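Structure first, commentary second.
What follows draws every value from the coordinates through simple rules; no lab data is involved. These numbers come from a predicted model, not from an experiment. Every residue, glycine as well, gets a Cβ built from its backbone with ideal geometry; the counts of neighbours run over all protein chains shown.
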Amino acid sequence: MQPACVIGHTRATVKHESLQGQRLIIAQPTGVDEKPDGAPLLVLDELGCRIGDRVMLTSEAGLIRDMTSSEKCPARWSVMGLIDEPVKQTKPKPKRKATRKK
């Protein structure tokens, strides 16, 4: 599994028969601190991801076979799920001690 950010989508007029009707996106794998981790990948997308979405990619062949109903699909990567944005936790402000004015 590999976290990634969707950076685009693509179309192909000529493609392998198992990819007919499949949605293809371009995803940038990310690593620590959301920094790019390698080159962008061409990915099968069944979830309808949009540009800017954070996704989890997988290279599991079984999922690709299920998506395409083909044993001979040349695709390697597919979207496994969407990553929700983490909720930012804020620290409570320290209470001030009451001071008296003189």
Inset, instruction - From the list Arg65, Arg50, Arg11, pick out the single residue that is surrounded by 13 or more Cβ atoms within 10 Å (Cβ to Cβ) and among the charged types (D, E, K, R). - result: Arg65
Legend entry - Members of the stretch 1-60 that are farther than 15 Å from Leu82 by Cβ and among the small types (Gly, Ala, Ser): Gly8, Ala12, Ser18, Gly21, Gly31, Gly38, Ala39, Ser59
Inset, instruction - Kindly indicate the residue of the stretch 24-47 that is of a type in the set (A, V, I, L, M, F, W, C) and under 21 Å from Thr13 (Cα atoms) and also surrounded by the fewest Cβ atoms within 10 Å (Cβ to Cβ) among those meeting that condition. - result: Leu42
